[in-house]
Amino acid sequence: MLDQEVVHNVLEDKIGFTQVKEWVKSYCLCKAGERKTEQLKFLTNKETILTLLSQTNELKKIVEDEEAFPRHDYLDVEIFLNKLRLSGAFLESKEFHDLRAFLRTISRIKQFIEVRERDEVPSLKQLIENVYVDFRLIRDIDKIITTEGNVRDDASFELYEIRKELQEESIRLRKETDRLLKAFIREGYTDAELLPTIRNGRTVLPVYAEHKRQIRGFIHDESATGQTAFIEPAQILEYNNNIKDLEHKESREVIRILTALSDQMREHLPALLQAYDFLGDIDLIRAKAKWAIACQAIQPAILDHPVMEWKQARHPLLERSLKEQHKPLVPIDFYLSPQDRILILSGPNAGGKSICLKTAGLLQYSLQTGLLIPVNNGSKFGLFDRILLDIGDQQSLENDLSTYSSHLKNLKHFIDVADAKSLVLIDEFGGGTEPRSGSAIAESVLKVLNKKKVMGVITTHFDNLKKLGSEEKGFINGAMLFNLDTLSPLFQLEWGKPGSSFALEIAQNIGLPSYVLEEARTLLGEGWQQYDKLLRDLEKQHAEVRSRKVMLTTLNKQSDALKKDLQTRLSELDIKRRVVLNEAKEKAKGILSNASGVLNELQLIKNSNQPVDKENLKVTKSAISGQLSELVPEEIVSPQEPLIPEKGPVEVGSYVKFKDQEAYGKVVAIKGKDTEIMIGDLKSVVKSERLVKISKKDYERQVGKETGRTPHTGASSVMLERTQTFNPKLDLRGMRGEEAMSIFTHWIDDALLLGFKEVVVVHGKGNGILRTLIREYLADIKQVKGVEDDHADRGGAGATVIKF
């Protein structure tokens, strides 16, 4: 038997998992993550698999919902940590700079997970429980190393004194050098445009070669042409010596400081190594999450017994390839259970049988390495102890085995090791030898595997194997569908019936002479022709049923849509009716109140026997009549049509509306998750998730075309109103991370939309988590010119000033 690791490598190559690993690895941010991706292996323990799936699924939701998860400074510090293993070895200042950035990344990742609720990320919280690094190490490095990666002047008192003296001596040297240079220029020993330079670590002056003997000093070098000599005059010799001596002292003190700091880090080496291993784990989990998003993969249900109930399963590599060609992928449904365990898959060549088999193998294998799977919700997966594969040309030159002999050797191995926890995948079963004996051996092997209660997918053209699928328990037939009108495959799997190979039809379509085909039919015999005709007729009937089913589904969807639209319109009309009635009631109350007042006045006039002003009465009557007429308008105005979102994705040229405000615009560009829109004369970039697509008619109606206003004036009034209500200072203190970031992202979008050049967000100091989340979010917004802490009098590090 081949070595187990070699077997798995061959299996991974043949089903495409090697390519999947490379795809996942492309999302990694560090070498540790890439190595862990390469080490993905087939697992059988349910708890381990569920943990890996849950970790990926939890991070997938985070990455989908927000971009704040730490993704910077995933540095490969393994070489530094290995250096610390050696007693007496020390890290350079630049290495400490990277080690500090690494520690900060670990700290940010831990804090990001810790602030979330346990029921939101239980598996990730469990992952960080074993990660402990004394983050006071960051403070210790800060005391020694600058932000640029150099040793600080005040790292020790001795270093401070040395560098102070070195600076003073350098000033004295520069003054003396300047004095000598001026003198040399006056004497004509050098050109006024030439400047002092460094040779062999010492300051020298350029002098014309013909005057070099007139200057007392040491010649260090000359120019390529020999016309200029570089001389260290005797007057600066002592200065250079002193500087050299001080530089040696500085170097010794720096090494002493770095050695002491390295010894301090060495005490925490096990925790640092564990943290680096954790970084590799989290990088792999993040890469798997990004891959899952790209493939629209999910975490399916995992059952204790072998089962394959997959809804709309998709081969990720094939789907990616077809997308690049702008072609659709036809998903596959799988229904293998303890009752129907072995699928006998038949159909025409190039109809998708092998792809179907490889999809089964790749998705099952991927799941048991901890990857999410591109299937629809409601899918159920069982777990297997082994996957046995026989596919492709396996001729062995080393062992002098033909392709068929290799197949037979694989079948023997399957019979020896297969059991109820095995998944067997065999492509073109029975082929490669004389058909009668090949099909007989295949049938016999299948019966043995069926008794062992294995689960599997078998592709074949042999009728005796199709008969097994129809007559014996444990087997089920499946057919790759074929379009009889165009003589082309549909790449759709239909369960419960065998498929025809359509060999004669395909040959005829290719152009094989008709007399050849007639001779072939004669050789096949009447019985076979009737059997194949039965299969083709059955295929036609199924095709008609499928067509009618699709038509019925379409009609049902249209009916549901019309019903929903009608209900929406009736609801809108009912609301309008109630509004009109309420307005009419209010007006009627006012009119009745006015009329009551007039009647009271008339009664007073009547009781007082005073003369009545008839003209005034006429005016009053006319006014009341006019008010009454308002309740019964001559023309009923139809209510405004409700705004209904338009189907389809938002594209360049689409008309859109903000979900959270009354503003409308036209899309001019789409960049990732950001959309650039025109609102009147104003161009702005907003998050795509804040927009909903509408029709051009609704756009023109909403911005005021019906009231005589143009889209420009409608948009301008909306923008003016937003500008007047927008507060350029946002206070997030006291809020939780998710709530604060939700408010902050919408506030930033409004600031960009309204053209503000500078805004301030107050987040408080605390433990700095909210400040970090905000700044990492801003780092990905290209319109942000810079961020800085506010003035100390206005909050300092507790507030961030954002400049656009």
Restricting to Cα pairs below 8 Å that are 6+ residues apart, what does the relative contact order work out to for region 3-97? Please round to a whole percent. 19
Please give the solvent-accessible surface of Leu517 in Å², to the nearest 10, using a probe radius of 1.4 Å with every protein chain present. 10
What whole-number value in Å² describes the accessible area per residue of region 230-333 for a 1.4 Å probe? 44
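In terms of the Cα gyration tensor, with a ≥ b ≥ c the square roots of its eigenvalues, is region 729-804 rounded because a/c is under 1.5, prolate because a/b exceeds b/c, or oblate? Spell out each step's value before the answer.
Values: a/c = 1.62, a/b = 1.23, b/c = 1.32.
Because a/c hits 1.5 or more and a/b fails to exceed b/c, region 729-804 counts as oblate.
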Round to the nearest 0.05 the FRET efficiency obtained for Val448 and Leu523 when R0 = 25 Å and r is the Cβ-Cβ distance. 0.15
Probe 1.4 Å, all protein chains in place: accessible area of Ser444 in Å², nearest 10? 70
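Shape call for region 406-459 from the C-alpha gyration tensor, a ≥ b ≥ c root eigenvalues: rounded (a/c under 1.5), prolate (a/b greater than b/c) or oblate?
On the way: a/c = 1.86, a/b = 1.80, b/c = 1.04.
Prolate, because a/c is 1.5 or more and a/b exceeds b/c.
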What figure in square angstrom, to the nearest 10, would you give for the accessible area of Arg202 with a 1.4 Å probe? 30
The percentage of the accessible area of region 757-804 (probe 1.4 Å, all protein chains present) made up of carbon and sulfur atoms, to the nearest whole number, is 49
Using heavy-atom solvent-accessible surface (probe 1.4 Å) with all chains present, what is the largest-first order of Met455, Met551? Met551, Met455
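Could you report region 118-185's accessible area per residue, 1.4 Å probe, as an integer in Å²? List each step's numbers first, then the result.
Values: 4110 Å² over 68 residues.
Accessible area per residue: 60 Å².
How much length is gained on full extension from Asn45 to Lys647, taking 0.36 nm per residue of separation minus their Cα-Cα distance?
Values: separation 602, 0.36 × 602 = 216.72 nm, distance 4.47 nm.
Between Asn45 and Lys647, full extension yields 212.3 nm more.
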Just to confirm my numbers, what's the Cα centroid distance between region 430-460 and region 55-117 in Å? 53
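Accessible area of region 55-109 with a 1.4 Å probe: how many percent of it is carbon plus sulfur? Please report the intermediate quantities before stating the final value.
On the way: 1080 of 2270 Å².
Using a 1.4 Å probe with all protein chains present, region 55-109 comes out at 48 percent carbon and sulfur.
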Taking all protein chains together and a probe of 1.4 Å, list Val579, Val762 from the most accessible to the least accessible. Val579, Val762
With a cut-off of 8 Å between alpha carbons and a minimum separation of six or more residues, what is the relative contact order of region 334-479 in percent? 39
Ignoring ligands, DNA and RNA, please state the percent of accessible area on region 299-455 from carbon and sulfur, probe 1.4 Å. 50
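The values are calculated or read from the model by the stated rules, or taken from the named source; none is laboratory data. Every value quoted in this text rests on a predicted model; they were computed, and no experiment measured them. Ideal geometry is used to build each Cβ from the backbone, glycine not excepted, and the neighbour counts take in all protein chains shown. Note: accessible area is taken over every heavy atom of the protein model, side chains too, but ligands, DNA and RNA are not part of it. Shrake-Rupley method; radii C 1.70, N 1.55, O 1.52, S 1.80 Å.
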